[in-house]
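A.B. asks: Before I ask anything, let me first share the structure, which is written out below as structure tokens.
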Amino acid sequence: MVTVSRTTVAVVGGGPAGVVLGLLLARAGIAVRVVEQHDDFNRDFRGDTVHASTIRLLDELGLGERFRALPQSRLDDFSLPMPDGSRLLLGDFSRLAPPYDHVAMVPQWDLLDLLVTAARHEPSFDIAMGLAATGLIAENGVVTGVHLRPRDGSGEPEELRADVVIACDGRNSVLRRAAGLVPRAFRVPFDTWWFRLPRRSGDAASALTPAFSDRDVLLSFPRPDYHQVAYFAPKGSDAVLRAEGIDAFRARVARLRPDFADRVDTIASMDDVHVLDVRMDRLRRWWRPGLLCIGDAAHAMSPAGGVGINLAVQDAVATAAILVPSLRRGLRGAGLDSALAAVQRRRRPPAVIVQSAQAVLHRAVFERAFAGRLQDGPPLLPVLLARYVPPSRGLYARGIAFGPLPEHAPSWARR
């Protein structure tokens, strides 16, 4: 037996984009149901950088104080290693106006819990955990809902009917595929292996500094109790790394970061090292009648720069701001086509700009590293700007912290 339910907006995917969108729509009085396939948000090695644009949004939503009470660490600058062993300060967040003068490192599950708790105060908000979307419901070429099934296989399937469906279900989007929307893929030269190392007294608290050695690249993010570490290697290297074994991997980490040599034995086996198949792609068209893709479902980002979450959140804010007036007028289905197209027109340029910058970073840093050419130092232009044009450090910082076209909370969503 199939259960049939009804809402105005069905949001599929309970990541940052989906939950922020659900909160904003509910504050506008729009009936919204967010569907998340997992039973909770407690999953490691998701993006945890919260940039200044998102922190400002949380302040506008009246959630800033609660956000700052979460366990977190700060990133105050970004530097590159030089061949002589020195560090080149590239992005100086202290040049930005406080309180938006840093990037916060916050476990994603804490951020999502905060947002959902706030959204549950709105009577038109609902969230369903443990339900996976399996396909779209369409009538006369218009998407009118989604097919759902409990992820654990128990229980009955459900048909969730809606005036519009928003796909926030990530780079492997089921709904995108069901709609026949095919992204254009861009070359990425690396994959990423994530793991944790314990923090010790005296460890740097706020620096985000990449480490390079020979053809290896490593980046660590300080957390209150541990370091979240990313090791980068040429795409397709997972089988080779695992065949070399845990001792060889520990040696790679210790060579890159000698200050971590006293704790690499906490990586018990290669099972503690989680590979991410990095992709970068973008849809040519983000919508079809009754359906809109945003966040990674519309534009999967490289982890370079750590901007994926924040770009997805900005997508969600723009989507709410553009959709709400049309929904309040009673438009539905194909009547929302102009609003869905308007979201793509507004949010596609920032996605293109960020992905273009990431492609440059791939070539300038990662491809040179894998070719063993980083001993020549970073590309000359950013070095000259950072050393001899100090204001450029603030420009770099603003680009990282806010990105292109940061969005503000609509007036009806502010508290």
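The values are calculated or read from the model by the stated rules, or taken from the named source; none is laboratory data. Treat the numbers as computed from the prediction; the structure is a model and nothing was measured. As a convention, Cβ positions derive from the backbone with ideal geometry for all residues, glycine included, and neighbour counts pool all protein chains shown. The area values use the complete protein model at the heavy-atom level, side chains included, leaving out ligands, DNA and RNA. Shrake-Rupley method; radii C 1.70, N 1.55, O 1.52, S 1.80 Å.
A.B. asks: For a label point 7 angstrom out from the Cα of ARG184 toward its Cβ, which stretches of the stretch 275-304 have the backbone nitrogen within less than 11 Å?
C.D. replies: 282-285, by backbone N distance to the label point.
A.B. asks: For the chain, report the accessible area per residue in Å² (1.4 Å probe, heavy atoms, rounded to an integer).
C.D. replies: 41 Å²
A.B. asks: From the residues PRO406, PHE41, LEU131, which one has its Cα farthest along the dipole of the chain in the positive direction, the dipole being from +1 and -1 charges on Cβ of Lys/Arg and Asp/Glu about the Cα centre?
C.D. replies: Comparing the listed Cα positions along the dipole, PRO406 ranks first.
A.B. asks: So if I take the centroid of the Cα atoms in the stretch 98-176 and the same for the stretch 1-78, what is the distance between those two points in Å?
C.D. replies: Result: 10 Å between the Cα centres.
A.B. asks: Below 13 angstrom from the Cβ of ARG250, what's the summed charge of the other residues (Lys, Arg +1; Asp, Glu -1)?
C.D. replies: So the environment of ARG250 carries a net charge of -2.
A.B. asks: Working from Cα positions, state the angle (0 to 90°, nearest 10) between the long axis of helix 308-328 and the longest principal axis of the chain.
C.D. replies: For 308-328 against the chain, the angle is about 20 degrees.
A.B. asks: 7 Å from Cα along Cα→Cβ at both ASP40 and ASP113: what's the point-to-point distance in nm?
C.D. replies: Distance between label points: 0.8 nm.
A.B. asks: What does the extension gain come out to for VAL2 and LEU405, with contour length at 0.36 nm per residue minus their alpha carbon separation?
C.D. replies: Stretched fully, the VAL2-LEU405 segment lengthens by 140.8 nm.
A.B. asks: For the stretch 1-63, give the magnitude of the charge dipole about the Cα centre (Cβ charges: +1 Lys/Arg, -1 Asp/Glu; no others), in debye to the nearest 20.
C.D. replies: Computed charge dipole of the stretch 1-63: roughly 280 debye.
A.B. asks: Here is a further query. Can you give the charge dipole size of the stretch 175-313 about its Cα centre, rounded to the nearest 20 debye, using +1 on the beta carbon of Lys and Arg and -1 on the beta carbon of Asp and Glu?
C.D. replies: So the dipole magnitude of the stretch 175-313 works out to roughly 840 debye.
A.B. asks: Can you tell me the dipole magnitude for the chain around its Cα centre, using point charges on the Cβ only (Lys, Arg +1; Asp, Glu -1), in Debye to the nearest 20?
C.D. replies: Dipole magnitude for the chain comes out near 1380 debye.
A.B. asks: Now a separate question. By how many degrees, between 0 and 90 and to the nearest 10, does the Cα long axis of helix 391-402 differ from the longest principal axis of the chain?
C.D. replies: Between the helix axis and the principal axis of the chain, the angle is about 40 degrees.
A.B. asks: May I ask you to compute the full-extension gain from THR266 to ARG414, defined as 0.36 nm times their residue separation minus their alpha-carbon distance, rounded to one decimal in nm?
C.D. replies: 48.8 nm
A.B. asks: Rank TRP109, LEU276, PHE93 by how far each Cα sits towards the positive end of the charge dipole of the chain (+1 on Lys, Arg Cβ; -1 on Asp, Glu Cβ) and give me just the farthest.
C.D. replies: It is PHE93.
A.B. asks: In nanometres, what is the gap between the two model label sites at LEU276 and ILE353, each 7 Å from Cα along Cα-to-Cβ?
C.D. replies: 2.3 nm
A.B. asks: Here is a follow-up. Would you work out which of LEU23, TRP286, ALA369 lies farthest towards the positive end of the dipole of the chain, given +1 charges on the beta-carbon of Lys and Arg and -1 on that of Asp and Glu, about the Cα centre?
C.D. replies: Ranked along the dipole, the leading option is TRP286.
A.B. asks: Still on this structure: Where does the stretch 244-366 land on Rg/Rh, using Cα atoms and the Kirkwood Rh?
C.D. replies: Rounded to two decimals, Rg over Rh is 1.19.
A.B. asks: Another one. Within 15 Å, Cβ to Cβ, of PRO350, how many net charges do the neighbouring residues add up to if Lys/Arg are +1 and Asp/Glu are -1?
C.D. replies: +3
A.B. asks: Now, a different point. If each of GLU139 and ALA341 carries a label point 7 Å out from its Cα toward its Cβ, how far apart are those two points in nm?
C.D. replies: So the label points at GLU139 and ALA341 sit 2.4 nm apart.
A.B. asks: Same structure again: Can you tell me the Rg and Dmax of the stretch 118-196, counting just the alpha carbons, in angstroms?
C.D. replies: According to the Cα coordinates of the stretch 118-196, Rg and Dmax are 16.3, 50 Å.
A.B. asks: Quick check: residue separation of ARG200 and ALA97 times 0.36 nm, minus the Cα distance between them. What number comes out in nm?
C.D. replies: My answer for the length gained is 34.0 nm.
A.B. asks: Once neighbouring chains are kept in place and the probe is 1.4 Å, which whole percent of the accessible area of the chain is contributed by carbon and sulfur?
C.D. replies: 54 percent
A.B. asks: If you take the alpha carbon radius of gyration of the chain and divide it by 2.2 N^0.38 Å, what ratio comes out, to two decimals?
C.D. replies: 1.01
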